[in-house]
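Have a look at the structure below, then the notes.
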Amino acid sequence: MSFAIATQKRRSIRALQPISPVPDRNIIDLASNALLYVPSAFNSQTTRLTIHFSEAHRKLWSITGAALETNLGSERYKSSGSADKINAYSKGYGTILFWDDIEVLEQMKKGAADHYKDKAEEWVHQSNGMHQYYLWVALEEHGLGVNVQHYNPLIDEGVRKEWGISGSWKLRAQMVFGLPEKGTLVGEKEQKVAIEERLKVFHIDGEEEGKL
Ligand SMILES: Cc1cc2nc3c(=O)[nH]c(=O)nc-3n(C[C@H](O)[C@H](O)[C@H](O)COP(=O)(O)O)c2cc1C
């Protein structure tokens, strides 16, 4: 499957199996390529990734479940459906965590011209999102189902402590992947606003295409 086709097939798949159709090495290479080739403002390279396979994947979701249960209380943790969700993510094959190195952001702010200083943080988010999209599509291209979760900042401290991660890394997203559960059906993607309302095409004379 080409990357272009994978962008059209990419969806959020939340029922996953602890199986991967490709070796871990391929997934590690994809993450390396994201870090090597995805752009960042001023080439600041603020994104950081950690990949959690097998026991490390299950440990991550047990840390997340425990943090949520403490936060919500046992009753609400179960009745809100959170326990079932955490259980489902835990059944995946692995998780990629997306972080930003805040120390590098601070350096970028210091070095930036005045009119850029207040934009630096936004650009760091944008670059992190590009890494997420690159890997979401690349994993799809390799036959994996993927979903993205946000239990940060609740779990930042516990995750940093477990894996000795620098205090300057701030967690942004958790990308769970694995072979989709058998029989997973993905409906047609709903388009909430017609494409003509979202895409405007202009030529040099200012006339909108289609209205010429
Ligand atoms: C910035 C962003 C945040 C998201 N956060 C979550 C999330 O926390 N949990 C989740 O299950 N899905 C999350 N999603 C997935 C969206 O719900 C999903 O992409 C959207 O409903 C469209 O469905 P699709 O991915 O199948 O095309 C997020 C997606 C984006 C782009």
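Coordinate-derived values only; no laboratory data. Worth saying up front: this structure is predicted, and the values here are computed from it rather than measured. Here the Cβ positions follow ideal geometry from the backbone for every residue, glycine too, while neighbour counts run over all protein chains shown.
Summary of values
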item	result
Axial C-alpha extent at least 15 Å, average Kyte-Doolittle at least 0.0 - helices from the chain (DSSP)	24-37
Ranked list, fewest to most other Cβ atoms within 10 Å of each Cβ, for His131, His203	His203, His131
Distance from the range 112-163 to the range 32-104 (C-alpha centre basis), Å	10 Å
Anisotropy class of the chain from Cα gyration tensor, a/c 1.5 cut	oblate
Tally of Lys pairs whose C-alpha atoms are under 27 Å apart, taken over the range 3-184, 8 or more apart or cross-chain	26
GNM top mover of Tyr37, Tyr134, Tyr89 - the chain, alpha-carbon springs below 10 Å	Tyr37
Residues of type lysines that Lys200 reaches as a straight line, Cα spacing below 18 Å, ignoring anything fewer than 8 places off in the same chain	Lys192, Lys211
Positive-end extreme of charge dipole, the range 1-146 - chosen from Val137, Ser90, His115 (charges on Cβ)	Ser90
Expected 222 nm ellipticity per residue - DSSP helices of 4 or more, -39500 (n - 2.57), all of the chain, to 500	-14500 deg cm²/dmol
For the range 3-184, size of Cβ-based charge dipole, Lys and Arg +1, Asp and Glu -1, in debye	400 debye
